Amino acid sequence: MKPKSQIVDETTLLEQMLLVRAYEEAIVAGSVAGKVPGTCTSVGQEAAGVGVVSALAGDDLILTNHRSAAHLLARGADPGRLLAEVMGRRDGYCKGKSGSLHISVRELGVMLTSTIVGGELSLATGVALSQKMLGRPGIVACFFGDGAACEGVFHESLNLASVWQLPILYICENNQWQAFVHRRETMKGEHISERAAPYGIDGATVDGNDVLAVRSAALAAAEGVRSSGRPFLLETWTYRSRGHFEPDDQAYVDPAEHAAWLARDPIARSRQRLVDSGRLPPEEAAALERRVRERIVAALAFADASPFPALDEMTTDVYA
Amino acid sequence: MPTLTPFEAIGAALAEEMRRDPTVLVFGEGVATKRHDLVDEFGPARVRNTPLAEGIIAGTAAGAAATGLRPVIDLLFAPFLCYAMDELVNSAGKLRFISGGQFAFPLVTLAMTGGGWGVGAQHNHNNEAWFVHSPGLKVLMPSSAADFKGLLKSAIRDDNPVLFFIDLALLHQPGEVPDGEHVVPLGKAKVLRPGSDVTLLSYGKTVHACLAAAEQLAAAGIVAEVIDLRSLKPLDEAAFLTSVHKTGRLLVVHEAARIAGVGAEIAAQVAERAFASLRAPIVRLGGPDAPAAASHPLEQAFAPDAAAIVAAARSLCR
């Protein structure tokens, strides 16, 4: 399957965001019902993921982390195979061996997904070195969070990428939360993008809850990386509106902050903009939402019908 | 047959493999400074100095290995591997399995260890067993110049992450290396001296202590078989089981701490699979459960020497 990279229509972006939301809500509902293992969602961050991926070219490569649903689905991953993976089934993209936390889909260029916070930062330099030394055209988009930006490997990665001039678009999804701790408790400064300058590279912060703003900033950043061969640090300013890991009662979250961010929900904003401007009549919006829900129902049925791996898979794929 | 030091043998292996395969590259702390002949021949893109940052060196190698290059990285001293554990163990060792086989990690990590330079415990720690215990990795520790070359060539050609431990006391000890293409397969132990009374099983520097001990034991009428494991993972189980079936006595010798060391695994396997052949209890000689000291006599006493091996073997054969 070819990655979907040339999307320009906001309705299509909205549909992708709706798909990500419906997919993750299905996982949450499944975990409440005891049918799906608990997982880390990216609810509230859909625009940040969808907007950036929409700005990438088909031969660009993506490295992501445990909050990967938007990156995978926007890149064209099949929700049925993703759900099969989350449920540990044979038809999952990783044969059920990954589960939700580190899903890679090489055929779509989603490479080496790591759930070790900062793991993707350490691997991206190597992937970009291959692109550069083997003369391949694509750049490397590396998604991480504000938590990973507090790991030592953040420094090591940006420093080496700058010294070696590696074509990496670093995307920090600053979702305000580092597992169960607000970033205010763990780091100085508001913005991760301010850290670009000491490495001699450029950075920018964009409203991560506005899919068009994200797409526009990512297009400019990716083009810069592509033409200069140098890294760029883009920060998408967003919010993790669910807990760290399902289930999570979020008793530690300030209700006022939560409410303020919910009022800026990226899907509601995009939908409202489309409806208000007449580009998406309300009945068509409702039809879009219905289509997405039907896709997820079918995906869940596919995943549920997929068998568990044979027990001998426990020891396959260990050595090449 | 030409004579090379292991340092030179490593350089020869790197040069030959880089000539053979344009995707092989080498980077690490001071690599381009120390191996300027490689820079001259292959250029600065394939022979790179790096920051003193083991995590990103290893992570870069893992990412590059999964996407078409075959990196060899030099992390200098084995204790520095602690900074690269996530990248080697969690990424290179596990992401093949986690991804359902979508990626392979053909990379080699060089690291020195062992007594000899008086550098103390943060530069000298035989931690090879940690990596034997980590899935997806292979582990080598040669004892001769010829094996340094032949095993490194095989490691570079292998599609898995390989930890290549260099006993630093051996690094500048010359030895014969066969002319031309010399490749030693991974997972094959080598019988260095055949014998019938006791098996002396070792790897790295202590192989030479075993050979010296065998010489002394021969004078006392005890014919010891000396086996160099060379590869700690995959482990050549057939080699030591065959030997123990013949001799009935096993002495495992290494500089690494005895506790949960490679010798413990071998002893357990022999107890499980060759118990009926044993004529005496298995004995392990290894370092104490302590950091290695810098002070010369303490550093040297950490590793079993020929006298200790002779005494243990004589006791076994009594």
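The values are calculated or read from the model by the stated rules, or taken from the named source; none is laboratory data. Small disclaimer: the values here were computed from a predicted structure and weren't measured. Cβ: placed from backbone, ideal geometry, glycine included. Neighbour counts: every protein chain shown. The protein model used for the area step is the full one, side chains on, heavy atoms only, and it has no ligands, DNA or RNA in it. Shrake-Rupley method; radii C 1.70, N 1.55, O 1.52, S 1.80 Å.
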Handout entry: Percentage relative contact order, chain A, counting C-alpha pairs under 8 Å, at least six apart
Key = 24 percent
Practice task
Heavy atoms only, probe 1.4 angstrom, no DNA, RNA or ligands counted: give me B:L235, B:L298, B:L163 ranked by accessible area, highest first.
Solution key: B:L298, B:L235, B:L163
Practice task
First check a/c for the protein assembly as shown, with a ≥ b ≥ c the square roots of the eigenvalues of its C-alpha gyration tensor; if it is under 1.5, answer rounded, and if not, answer prolate when a/b is larger than b/c or oblate otherwise.
Solution key: prolate
Problem - Selected from B:Q102, B:N90, B:G28, residue furthest toward positive end of dipole (the range B:22-138; charges at beta carbon) - result: B:Q102
Practice task
Quickly work out the A:Q165-to-A:M314 label distance, labels modelled 7 Å from Cα along the C-beta direction, and quote it in nm with one decimal.
Solution key: 5.2 nm
Fill in the blank from the handout: The answer for chain A, counting only DSSP H helices whose Cα atoms cover 24 angstrom or more along the axis and whose Kyte-Doolittle average is -1.0 or greater, is A:10-32, A:211-228, A:282-305
Fill in the blank from the handout: In chain B the DSSP beta bridges are antiparallel at a rate, in percent to nearest 5, of 15 percent
Completion exercise
Residue span A:D304 to A:E194: 0.36 nm per residue of separation minus Cα-Cα distance leaves a gain in nm of 35.1 nm
Problem - Shape category assigned to chain A from the gyration tensor of Cα positions, a/c cut at 1.5 - result: rounded
Problem - the protein assembly as shown: antiparallel DSSP beta bridges as a percent of all, rounded to 5 - result: 15 percent
Fill in the blank from the handout: Nearest-0.05 FRET efficiency for B:D37 and B:A212 at R0 = 30 Å, using Cβ-Cβ distance, is 0.30
Handout entry: Reachable aspartates and glutamates, given that their alpha-carbon falls under 12 Å from the alpha-carbon of B:K153 and they are not under 8 places away in the same chain
Key = B:E16, B:E17, B:D21, B:E181
Handout entry: For the protein assembly as shown, accessible area per residue (1.4 Å probe, heavy atoms of protein chains only), Å²
Key = 37 Å²
Exercise for the section: Report B:S277's accessible area, 1.4 Å probe, all protein chains in place, as a number in Å² to the nearest 10. Expected result: 30 Å²
Problem - Chain pair A, B: total accessible area buried, heavy atoms, 1.4 Å probe, Å² - result: 3200 Å²
Exercise for the section: Name the residues whose placed amide hydrogens come within less than 5 Å of the amide hydrogen of B:E255, ignoring near sequence neighbours (fewer than 5 apart) on the same chain. Expected result: B:T206
Exercise for the section: Mind checking the full-extension length gain between A:H182 and A:S228? Use 0.36 nm per residue of separation minus the Cα-Cα distance, one decimal, nm. Expected result: 13.0 nm
Practice task
Using per-residue counts of other Cβ atoms within 10 Å, averaged over each peptide, order A:74-83, B:214-223 from highest down.
Solution key: A:74-83, B:214-223
Exercise for the section: Just list whichever of B:K149/B:K205; B:K94/B:K205; B:K138/B:K190; B:K94/B:K138; B:K34/B:K205 have alpha carbons separated by over 20 Å in the model shown. Expected result: B:K94/B:K205; B:K34/B:K205
Practice task
May I ask what percent, to the nearest 5, of DSSP beta bridges between residues of chain A are antiparallel?
Solution key: 10 percent
Problem - Inter-part distance where the range B:64-137 and the range A:239-298 are each reduced to a Cα centre, Å - result: 44 Å
